[in-house]
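Down below is the structure, laid out as structure tokens.
The values are calculated or read from the model by the stated rules, or taken from the named source; none is laboratory data. Computed from a predicted structure; not experimentally measured. Here Cβ is always computed from backbone atoms with ideal geometry, including for glycine, and neighbour counts include all displayed protein chains. Please note that ligands, DNA and RNA were not included when accessible areas were found on the heavy atoms of the full protein model with its side chains. Shrake-Rupley method; radii C 1.70, N 1.55, O 1.52, S 1.80 Å.
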Amino acid sequence: MAGRSRKQKKLRSSSSSWSSESSHSMNGLHYGAKLPVKKAKKEFLANPIKGYLTKDDTNLESSSMGTTSRKRNPHPKNAKLEMVKDEPSSSEYNQDSAVLSKKRTTWGRRKRAERGRKGKENGPRQRKATILSWLIDRDVIQENAEVYVMEMETRKKQGKIKKEGILCSCCYNVSTVAEFYNHAGGTCSKPYDKIFIAETCSSLLSLMIQAWDLPDERNFHRFSLIETKDDASDSYDDACMICADGGNLMCCDKCSSTYHHKKCLGMKDVPNGSWYCSFCVCKFCGDPAYENDYLLKCSLCEKKYHWECHLPREPVSIDINNTPQGTFCDHMCNEIYDKLERGIIGIEHELDRSYKWTLLQNTDDGSGINIEDHYQRTMCHSKLVVARRLMEDCFEQIIDRHTRIDVIKSVVYNCGSNFNRVNFRGFYTAILEKGEEIISAATIRIHGTKLAEMPFIATNKEYRRKGMCRKLMVAIESALCYLKVEKLVIPSVTERIGTWIEKYGFHLIKSPLPKEIKLHNTLMFHDSKRLQKDLLPSALARRYRANSRAKWGFFKLVDHGVPSEIDENFTSRLHELFDLPMEQKLKGGKTSSLPLGYYASNPEYEQNLPWAEILLLLQSPEMVVQFAKKVYGDQYHTFSNAMIEYMKEMDKLGMTIMEMLAHGLGLADDFFSKNFEEKEVTIFRISRYPPCPLPEKIVGIGIHSDPQTLTILYQDLVGGLQVLKDDKQWIGVRPLPNSFVINIGDTLEAWTNGRLKGVIHRAVVNKDKQRLSMAYFMNPTSSATIECPSQLIDPVSNPRKYVPFTWAELRNLLLTTRRVRGKAVAINKFLISS
Ligand SMILES: O=C(O)CCC(=O)C(=O)O
Ligand SMILES: [Fe+2]
């Protein structure tokens, strides 16, 4: 590079070329060895750029292939920075998006791609994703090999190995390894160590270790060393670390990383002096390591730091009896690592209906989390192989164009590399299992508390469209919340973006890119878009504050985490209920002694006759079952199960919102939520408003505010809810699919001394359409004291307005007092001025 100006030295014009100019090697593969263009093209076509896809549930499946043009830049060395805009995109990966799509480039042969896709979609059934199936495929075990259980030094049950499990010789049932072992009276928790092949007397566990160690398997687990040969003319990466696209790239003065300085880093110009990327500088002071010092690397987020810069921030006490496992840049990374190591990695977490999920990591070369237990480590590695095979069955191969690294394998086995962009250290693989079969798998990496990424998620073909992907997503998201990770980012091809947004609550990341993305190494594909989801109440709270409607006393919640199937199922059950003959509905009708149940009009509000059928119940599974039995007799389960499931979700969501509001107000996260113990007094009101011949004369529900703390309101897409703005104007709250409207109630207004405002609202009816709404009212515990914390009081601008009162006191008053212009006067009794 000698002789080039400073600016030129920093810039690298990357082509989309698969025939590179420099030569590197990695695990025996050559990175950009000097190949004549023709030869390189031949080699390239022998490893065609393949699309990849997973056909997942909830519409996350492949559509037609896209094409991307790739042009070589004929004069890379002379390229000017200004050319960036006009440069055709070039992808570093031979693929297009991390998640859920299949595309190919014009370089490949379209027909071949088409065949490839069909092969995956309609071709042979997916391999059974079990450990036994893997061992059989690798010839480590023969299918039908005789096995026996060894317990207390005696041989117990015998059986035969099958891909699905073990065929018992006494009952001829095929069961999982664990079930077979239990069936034989086994008592320990390590069945794979207690079942032996009759012919060789080897335990299944020892064969799993053997298979993991087979040379061609072991090869995949290695660190990917990308060597720069002496005659290398250019040892820099050809794709931007942030967007994975090529073009004119600014090079780091220390490592091989390159960036679009304007588009991706938001820099106006290339700096004149030396410039170091975020992987080469201390995360605290921003300086690189100079001659006589070095940077430590955080074992969790892989950020580098000077020991001295870290010290004053994080006073550490060293326990000499307990040598720390890793070095951490801050206590949050340390905490995440500890939680992962102690309670998450390699541990099966039970979910409903015999599903379980586990987070796995390759711990082999000391890079992953340490799993001390030998059995657990072997299980973890074996399941990783099975998950890798499942991913390979769902996606086509992704070979990194420059380093020739197999991306899926390297991500699943968290292989490190000296080349930052293909350094996949820190990845985990989350799996969803039913019995011992892996159904879905996703790869995730946690970059400290700010960010986690999930580039791949795949579901076994046989289980698609059954909500499996969602099940795994829910488990991953709860684990990330437990680890206090704020955001999850994913790359997505354009066709899938809608699904991620509508069904999974993600939103598009717009430029300028958030700092966390610029600072961390997140796997990206050149023509994908990044989406993100806020996971924690704190992150939600920021969005809430940003929502200007909040000052009107309500907001719409989209990233709520309530699976859409749950409300879809429950609303269908409700329509079935309301469609029943009146006679049958009235079997569950409210009575004068029990004012809960079904009724057909609501005379509580103002003069206009409300136009609704209502079901009013409490958050009490017993009461729901009692009601359903009255209406449906023996066939009550379908209704009561759906309602109980929905109410549980509402309770969970309510707590999260309470935490989010407390956080947003600067209070302890549990300030409100700890006061909601008496779940069974929570009121749940469902209204179905029939089409109304005189919609301008009759309301569905009259003008009112909700007296409780807040209401989680589901409304279908018909629309009819209106809120009163500035005490004078009714504004319709437009329904959004898969969202809730959160109404602030009078009690929360008092609790926050008016910082949160209760909203006056009503529901109008429609001439042609019926409308369904469900209001879940968050009632505090009877004895909860409603007293605004002093942090929210300002003696001058916001003096205390209410004396402390209990929810029970207000509730009793509500029964006996009236409303004035929709507001319950009951709460005014606690106003200090009165
Ligand atoms: O139907 C609606 O949208 C409003 C229902 C409501 O406000 C309530 O039940 O309190
Ligand atoms: Fe209401």
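Suppose we filter Leu813, Leu772 for residues that are within 16 Å of ligand 2 (Cβ to nearest atom), of a type in the set (A, V, I, L, M) and open to solvent by less than 70 Å² (accessible area, probe 1.4 Å); which single one remains? Let's see the steps before the verdict.
Numbers: Leu813 fails: within 16 Å of ligand 2 (Cβ to nearest atom).
Within the list Leu813, Leu772, the selection yields Leu772.
For Val624, state whether it is in contact with a strand residue (DSSP E or B) (Cβ under 8 Å, 6 or more places away or on another chain), within 16 Å of ligand 1 (Cβ to nearest atom) and of a type in the set (Val, Ile, Thr).
Spelling it out, it is not the case that Val624 is in contact with a strand residue (DSSP E or B) (Cβ under 8 Å, 6 or more places away or on another chain), within 16 Å of ligand 1 (Cβ to nearest atom) and of a type in the set (Val, Ile, Thr).
What is the residue count in segment 168-211 for residues that are loosely packed, with under 13 Cβ neighbours inside 10 Å and under 21 Å from Gly346 (Cβ atoms)?
We begin by selecting, within segment 168-211, every residue loosely packed, with under 13 Cβ neighbours inside 10 Å; these are 170-172, 185, 187-189, 199-201.
Right, trim to under 21 Å from Gly346 (Cβ atoms) and you get 188-189.
Final tally of qualifying residues: 2.
State all residues of segment 169-193 that are touching a Lys or Arg at 6+ places or on another chain (Cβ under 9 Å) and either outside any strand (DSSP E or B) or assigned by TED's automatic domain parsing to the domain that holds Gln376 (or both); if no residue qualifies, say none.
Those that are touching a Lys or Arg at 6+ places or on another chain (Cβ under 9 Å) and either outside any strand (DSSP E or B) or assigned by TED's automatic domain parsing to the domain that holds Gln376 (or both): Ser169, Cys170, Phe180, Tyr181, His183, Ala184, Gly185, Gly186, Cys188.
Looking only at helices (runs of 4 or more DSSP H) that fall completely inside segment 414-521, which ones have 3 or more residues that are open to solvent by less than 20 Å² (accessible area, probe 1.4 Å)?
Details: elements: 468-482, 494-504, 515-519.
Answer list for segment 414-521: 468-482, 494-504.
What are the pairs, 6+ residues apart or on separate chains, where a residue within segment 718-731 that is touching a residue at least 12 places away in the same chain (Cβ under 8 Å) and assigned to a loop (DSSP other than H, G, I, E, B) has its Cβ under 7 Å from a residue that is within 16 Å of ligand 2 (Cβ to nearest atom) and open to solvent by 40 Å² or more (accessible area, probe 1.4 Å)?
Qualifying pairs under 7 Å: Gly719/Gly732.
So, in segment 221-231, exactly how many residues are buried (at least 17 other Cβ atoms within 10 Å of the Cβ) and either closer than 21 Å to Glu146 by Cβ or out of contact with any Ser or Thr (no Cβ under 6 Å at 6 or more places or on another chain) (or both)?
1
Quick one: in segment 697-717, of everything that is in a loop (DSSP other than H, G, I, E, B) and touching a residue at least 40 places away in the same chain (Cβ under 8 Å), which residue is nearest to ligand 2 (Cβ to nearest atom)?
My answer is Asp706.
Can you tell me which of (1) modelled with pLDDT of 90 or more; (2) within 13 Å of ligand 1 (Cβ to nearest atom); (3) buried (at least 20 other Cβ atoms within 10 Å of the Cβ) is the one Val718 doesn't meet?
Condition (3) is where Val718 drops out.
Could you check Asp253 against (1) open to solvent by less than 30 Å² (accessible area, probe 1.4 Å); (2) part of a loop (DSSP other than H, G, I, E, B); (3) not aliphatic (A, V, I, L, M) and say which number it fails?
Asp253 satisfies all of (1) open to solvent by less than 30 Å² (accessible area, probe 1.4 Å); (2) part of a loop (DSSP other than H, G, I, E, B); (3) not aliphatic (A, V, I, L, M) except (1).
Looking only at segment 442-457, filter to residues that are more than 11 Å from the chain's Cα centre (by Cα) and of a type in the set (D, E, K, R); which one of those is nearest to Glu302 (Cα to Cα)?
Among residues in segment 442-457 that are more than 11 Å from the chain's Cα centre (by Cα) and of a type in the set (D, E, K, R), the one nearest to Glu302 (Cα to Cα) is Arg445.
Since Met650 meets every condition but one in (1) within 16 Å of ligand 2 (Cβ to nearest atom); (2) of a type outside the set (Asp, Glu); (3) not in a helix (DSSP H, G or I), which condition does it not meet?
Here Met650 meets the rest and fails (3).
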